[in-house]
Amino acid sequence: MLLETPRGMDDLLPEEVRVKRKIEDVIREVYRLYGYEEVETPTVEYLALFEAKSGEEIRHRMYRIPDIHGRTLVLRPEVTASIARLVASKLSKAPTPIRLGYIADCYRYDEPQWGRRRRFWHGGLELFGCTDPMADAEIVLASYDVFRMLNIADTWFRFGHVGIVRGVLGECGVGERLQDMFLTAIDRKQVAEAFERVGGALSDEAAGTLQALLQLRGDYTAGRKALDILSPWPTASKACENLLEIVDEVLQVRPGIRYVMDFGFARGLEYYTGFIFEQGVSDVEISFNGGGRYDRLVGLFGGRETPAVGCAIGITRIMSYLLRVGAPVESSAPKILISIVSDRARGRALHVATTLRENGIPATVDVSRKRVGDAIELAVKKGIRYVGVIGERELESDSITVRDLEKRRQDEISVGRLVDHLKNNL
RNA sequence: GCCGAGGUAGGGUAGCCUGGUUAGCCCUCAGGGCUGUGGACCCUGCAGCGUGGGUUCGAAUCCCACCCUCGGCCCCA
């Protein structure tokens, strides 16, 4: 017990952290390029924040923590609600549009397996204050760029719009609560149950429309077909047009992306009001990124009604994927290990290492004072390319012997030229 | 939460069916052989049967429960 981590919560070893950092670096670069400002919110939040609109599934998978005064706190299962709260409160007077990003650990009491951990990281982008399809398209394009910059070329998108089904149901007088239940059932692929729940509220025509719609998926032409099916339903038609517009704008920039428009597509979070999407990688079932539009959440938290669209990128899933496919990640090993073979050389070794570091070259001194041969062996194991040797001879001539383990050659170089020598040979 | 397969030193494995020496091997790690070249080699050492019960003269081995890991379902990023 003492030596185990809680189930589903992982220690991350150097190799894993290296990959995770790389993903975070890319996400932060996308923030920079798109003008998103990173924020942090508490890992622990009040239960109420997630109770309203997080969706059935997530609600009962939250870690709950009773505090001393009997309030119920939870470990955040996701971050969007926190960001919406932030916009409803501290940022209520910030000029819109507001672009915010976050990288944060989240917690869900799930059954652990590949790509599903009880503690995992999300990297998100949230854009507040715009209803224009360009905003939705921007989130998709930024998502695409994250994967592109990680050299994950083979990525796919699934596009949908909860406003379509909500539109048909709404025009039949089905209330929001019932709409949520319908969509949750659809998300679970329980189509029959979905229809049972709304029961008699639907006319035959509405039921027929929905049945046809839920099976419809495909490329842009499927979207046109959906428009036909929806022609008697003005609200739903408008939602469908909105979806087509967003996808069209994405395709204008990235005509080659792999995507499917899926009209039977729903997501587990209940706060979505419009466009929704998921993104994944071809040889993996589960999605790596998901998001959509939630125009009412900020208002629900007491803020001014503020439209919003965003996404949550599964950093932990991408990390597992990159480790699995063995994606190359730059080594974090120092470039040179300086071996000392004379007590008098100790000061010189430290001095040389300092000079190298001041020039941006990572260097370590062999403080364990191994024999040269053992130092070479250690360097090989640690992936350090160069071994420097400083002893009496080098002190004499104000130089350092540098052995290149990759090219298997050795040179005696004056200390003054060492920085240039290593820089030229990296 | 459900179904399936598994758990032997830090990693990888043999032994389990058919209970019986001190649980073997490879890598890693530590110390030494070894005072400036061993991308080594040799010697020595540290460290293990997931946990708890049960059966038995005796359990890594058979039985039960639990824990954990890995798949799958469900769901999700």
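The values are calculated or read from the model by the stated rules, or taken from the named source; none is laboratory data. Note that the coordinates shown come from a computational prediction; the quantities given were computed from them, not determined experimentally. Reconstructed Cβ throughout: ideal geometry from the backbone, glycine too, with neighbour counts over all protein chains shown.
Every condition in (1) within 17 Å of the chain's Cα centre (by Cα); (2) closer than 20 Å to A:A142 by Cβ is met by A:Y259 except one, and the failing one is (1).
The residues of the range A:21-70 that are among the acidic types (D, E) and under 19 Å from A:F301 (Cβ atoms), listed by number, are A:E40, A:E45, A:E51.
Could you say which residue among A:E305, A:E278 is surrounded by fewer than 23 Cβ atoms within 10 Å (Cβ to Cβ), near RNA strand B (Cβ under 9 Å from one of its atoms), in the same structural domain as A:R116 (by TED's automatic domain parsing) and at pLDDT 90 or above?
A:E278
Identify, please: which residue in the range A:1-44 is away from RNA strand B (no atom under 16 Å from the Cβ) and free of Cβ contacts under 8 Å to residues at least 40 places away in the same chain and is, among those, nearest to A:M149 (Cα to Cα)? Per the criteria, the residue is A:D25.
The lone criterion from (1) surrounded by 15 or more Cβ atoms within 10 Å (Cβ to Cβ); (2) over 14 Å from the mean Cα position of the chain (by Cα) left unmet by A:T72 is number (1). Scanning the range A:351-378 for residues that are surrounded by 15 or more Cβ atoms within 10 Å (Cβ to Cβ), among the hydrophobic types (A, V, I, L, M, F, W, C) and out of contact with any Pro (no Cβ under 9 Å at 6 or more places or on another chain) yields A:V352, A:A353, A:V365, A:V372, A:A375, A:I376, A:L378. For residues in the range A:379-403 being outside any helix (DSSP H, G or I) and surrounded by fewer than 16 Cβ atoms within 10 Å (Cβ to Cβ), which is modelled with the lowest pLDDT? Ranking the qualifying residues of the range A:379-403, first place goes to A:G383. Screening A:R85 on (1) over 21 Å from the mean Cα position of the chain (by Cα); (2) assigned to a helix (DSSP H, G or I) shows it passes everything except condition (1).
Hey, can you tell me all the residues within the range A:314-359 that are of a type in the set (V, I, T), touching a residue at least 40 places away in the same chain (Cβ under 8 Å) and farther than 29 Å from A:G416 by Cβ? Even if it seems obvious, please write down each step before you answer.
Going through the range A:314-359, the residues of a type in the set (V, I, T) turn out to be A:315-316, A:318, A:325, A:329, A:336, A:338, A:340-341, A:352, A:354-355.
Narrowing the set further to residues that are touching a residue at least 40 places away in the same chain (Cβ under 8 Å) leaves A:315-316, A:318, A:329, A:336, A:338, A:340-341, A:352, A:355.
Of everything in the range A:314-359, those that are of a type in the set (V, I, T), touching a residue at least 40 places away in the same chain (Cβ under 8 Å) and farther than 29 Å from A:G416 by Cβ turn out to be A:I315, A:T316, A:I318, A:V329.
The residue that is nearest to A:I229 (Cα to Cα), counting only those in the range A:171-212 that are in contact with a Cys (Cβ under 9 Å, 6 or more places away or on another chain) and surrounded by 18 or more Cβ atoms within 10 Å (Cβ to Cβ), is A:A206.
Applying the selection to the range A:236-275, what residues are outside any strand (DSSP E or B), within 16 Å of RNA strand B (Cβ to nearest atom) and not basic (K, R)? Across the range A:236-275, the qualifying residues are A:G264, A:F265, A:A266, A:G268, A:L269, A:E270, A:Y271, A:Y272, A:T273, A:G274.
When you scan the range A:98-132, how many residues do you find that are part of a loop (DSSP other than H, G, I, E, B) and more than 10 Å from RNA strand B (Cβ to nearest atom)? Quick ask: steps written out before the conclusion?
Applying the first criterion (part of a loop (DSSP other than H, G, I, E, B)) to the range A:98-132 yields A:108-112, A:114-115, A:117-118, A:129-132.
Next, from what is left, pick out any that are more than 10 Å from RNA strand B (Cβ to nearest atom): A:129-132.
So the answer is 4.
Considering only residues in the range A:281-297 that are of a type outside the set (A, V, I, L, M, F, W, C) and not in a loop (DSSP other than H, G, I, E, B), the one that is nearest to RNA strand B (Cβ to nearest atom) turns out to be A:G290.
The residues listed here are A:L297, A:L337, A:L356; of these, the one that is under 30 Å from A:G274 (Cβ atoms) and within 39 Å of the chain's Cα centre (by Cα) is A:L297. Please determine whether any residue of the range A:359-373 is over 39 Å from the mean Cα position of the chain (by Cα), within 12 Å of RNA strand B (Cβ to nearest atom) and either part of a helix (DSSP H, G or I) or outside the structural domain of A:V419 (by TED's automatic domain parsing) (or both). Looking for residues that are over 39 Å from the mean Cα position of the chain (by Cα), within 12 Å of RNA strand B (Cβ to nearest atom) and either part of a helix (DSSP H, G or I) or outside the structural domain of A:V419 (by TED's automatic domain parsing) (or both), one finds at least one in the range A:359-373, hence yes.
Among A:P77, A:P95, A:P42, which is the only one that is assigned by TED's automatic domain parsing to the domain that holds A:G124, assigned to a loop (DSSP other than H, G, I, E, B) and over 21 Å from the mean Cα position of the chain (by Cα)? On inspection, the qualifying residue turns out to be A:P95. Could you please find all residues in the range A:405-420 being crowded, with 16+ Cβ neighbours inside 10 Å and out of contact with any His (no Cβ under 8 Å at 6 or more places or on another chain)? Listed by number, the residues that qualify are A:L405, A:V415, A:L418, A:V419.
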